[in-house]
1. Can you name every residue in region 247-269 that is over 20 Å from ASN484 (Cα atoms) and more than 10 Å from ligand 2 (Cβ to nearest atom)?
2. Determine whether region 302-312 contains at least one residue that is within 16 Å of ligand 1 (Cβ to nearest atom), in a strand (DSSP E or B) and surrounded by fewer than 24 Cβ atoms within 10 Å (Cβ to Cβ).
3. Go through MET130, MET125 for me and flag whichever is in a loop (DSSP other than H, G, I, E, B), open to solvent by less than 30 Å² (accessible area, probe 1.4 Å), closer than 21 Å to VAL157 by Cβ and in contact with a helix residue (DSSP H, G or I) (Cβ under 7 Å, 6 or more places away or on another chain).
4. Just the residues that are under 18 Å from GLY268 (Cα atoms) and aliphatic (A, V, I, L, M), please, taken from region 333-378.
5. How many residues does region 313-336 hold that are assigned to a loop (DSSP other than H, G, I, E, B), open to solvent by 30 Å² or more (accessible area, probe 1.4 Å) and either closer than 13 Å to ALA70 by Cβ or in contact with a Leu (Cβ under 9 Å, 6 or more places away or on another chain) (or both)?
6. Only one of these is surrounded by fewer than 24 Cβ atoms within 10 Å (Cβ to Cβ) and in contact (Cβ under 8 Å) with a residue 12 or more places away in the chain: THR341, THR346, THR290. Name it.
7. When region 253-298 is examined, which residues are found to be within 12 Å of ligand 1 (Cβ to nearest atom), part of a helix (DSSP H, G or I) and not hydroxyl-bearing (Ser, Thr, Tyr)?
8. For region 298-321, name all the residues that are within 16 Å of ligand 2 (Cβ to nearest atom) and in contact with a Ser or Thr (Cβ under 8 Å, 6 or more places away or on another chain).
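The values are calculated or read from the model by the stated rules, or taken from the named source; none is laboratory data. For clarity, every value in this text was computed on a predicted model and none was experimentally measured. Cβ: placed from backbone, ideal geometry, glycine included. Neighbour counts: every protein chain shown. Only protein heavy atoms, including side chains, enter the accessible area calculation; ligands, DNA and RNA are left aside. Shrake-Rupley method; radii C 1.70, N 1.55, O 1.52, S 1.80 Å.
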Amino acid sequence: MNGTATVSKDPSAGDTANTSLPSLEAWVAEVAALTRPDRIHWCDGSDAENEALLAGMLADGTMVKLNEQAYPNSYLHRSDPDDVARVEHLTFVCTSDRDDAGPNNHWMAPADGHAKVDALFDGCMQGRTMYVVPYCMGPIDSPLSRCGVEITDSPYVVANMRIMTRMGAPALARIEREGSFVKGLHSIGELDPERRFIMHFPEELTIKSYGSGYGGNALLGKKCHALRIASHQARNEGWLAEHMLILGITSPKGDTHYIAAAFPSACGKTNLAMLIPPEGYLKDGWKVSTIGDDICWMRPGADGRLYAINPESGFFGVAPGTSKKSNANALASLQRDAIFTNVGVTADGQPWWEGIDNGQVPATDWRGEPYDPAKRPAAHPNSRFTVSARACPSYSPEAENPAGVPISAIVFGGRRASLVPLVFEARDWTHGVLVGAAMGSETTAAATGAVGVMRRDPMAMKPFCGYNFADYFAHWLSFDNGRNKLPKVFHVNWFRKGDDGKFLWPGFGDNLRVLEWMIGRAEGTAAAVETPIGHLPAEGSLALDGLELGEEARDKLFGFDREGWRAEFDSIGEYLDSYGERMPQALKDEQQRIASALA
Ligand code: SAT
Ligand code: MN
């Protein structure tokens, strides 16, 4: 302890320098001096390293081995019961000017933010190993990719980062070549919610996260880097870092369209990204392929189209509700080499969650207690599986293309029980940006706090935009520069309910019907009706054959409720005004234009 930490890179190698990059070596030394770990381990991402980490976690109970026959090489982690989701109220963006963080973020002055967390980090790794985790977000050879280094005292985080990012030696080599990287410092601390902060310093490309071992709070490549820090980088460098899935659709004609779609956490991004076409579509030769299920980085290519990569290499998917019926591709992905977090377990050691629908029953709940439905569900509503994207049967080889894939359509969507129809198309880019900015959704279990409360969640980025939303909308608008060939923009709502409180749209595979209409719009073959809120599918233009939709369903899914939208646009206007002077005039004008058309 106390400055005498042992350092391991390759235990058999006698070298002293762990990296040829002095700024990285210096930062690691500085962090070690502050956190005082017993050991420092530089991760190379090898199988041997992973096996050693897993063995250690099995020995100390951090991981539980699952049934080797049914789920080879798979593990369960039970997180602290007070540490099961992202914590938006403890997440800060620390910019020198408060207005740069905006009303959409919690803010602290950078010096105060550092002081606050550094006091917690002081000596926090005594008795622990400090892992230095170099990673690359995106294909290792893509110019769109960006690298980072996470320092953490959690081997669980290392094991997850190895699946979720390109982690280890190749990433370190790229970092050394480029000379720059995002710095992420993480400690589980005491897992005390009173001593927990997720701090971002976008101007310094730095993240400091203390007191949580869970998901987006701890796997710093994901939300902290790939969205909050990257959105800031993207604005400076002329690209977009978005909370979007990316999927490919190949039509019977043989051409493939790529669609990027933004939905809030736990609103079905993973299911949509891995969609299996309904019977008739399969027969006709439709195919859906998966590029990513959560994050999309895109920038204009030489031809002016937006090209997208998935910065991640794995899925951190919501387990409950995942079944053969809802998402057979996800289920196939998690049959081996998976890490499960906070699911239930059967008597013979198989993972179990509500809605898995596989005829088995749980014996133990996510807290490790005997399952008692009167007490709590077997799986926590935000329980997760971590698996490599390569394990997914629908994973597209194009996801590894360093150039990215060209985007034909951008989709925004939320959970809206009322008002919002199944699908509509924005008239142009500016209108599309307004549609994204005005997105609303009912909250889910992905973050702590009340569930089911409608809130504005622009572009599904409310928890993730690393700067002022007003500037973010201006950045989006700036892509319409006369040179770019921008994708069409749509809004969908799979979650509209009838008077009986039941969902009106079957969802899942049948969502392909909606995507088919979008492709038809992009190609100029599908008909639409013009309304003040945008273009709705013309009668008969969106294939509904084989579905049993009653009159109420058809009215609500494809209708336009002028009264209701008038009130919605008043509320959208108030929302835009809440950003004051910084809100782009073009967006306010667009809102005004539509509000007048509704009057
Ligand atoms: O826990 S995460 O933030 O990574 C998952 C999510 O909310 O999308
Ligand atoms: Mn997400």
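1. Taking region 247-269 as the starting set, the residues that turn out to be over 20 Å from ASN484 (Cα atoms) are 247-256, 262-269.
Within region 247-269, LEU247, GLY248, ILE249, THR250, SER251, PRO252, LYS253, GLY254, ASP255, THR256, GLY268 qualify.
2. Restricting attention to region 302-312, the residues satisfying the condition of being within 16 Å of ligand 1 (Cβ to nearest atom) are 310-312.
After this cut, where a residue has to be in a strand (DSSP E or B) as well, the list is none.
There is no residue in region 302-312 that is within 16 Å of ligand 1 (Cβ to nearest atom), in a strand (DSSP E or B) and surrounded by fewer than 24 Cβ atoms within 10 Å (Cβ to Cβ).
3. MET125
4. Those that are under 18 Å from GLY268 (Cα atoms) and aliphatic (A, V, I, L, M): LEU334, ILE356.
5. 2
6. So the residue among THR341, THR346, THR290 that is surrounded by fewer than 24 Cβ atoms within 10 Å (Cβ to Cβ) and in contact (Cβ under 8 Å) with a residue 12 or more places away in the chain is THR346.
7. LYS269
8. PRO311, GLU312, SER313, GLY314, PHE315, PHE316, GLY317, VAL318, ALA319, PRO320, listed by residue number.
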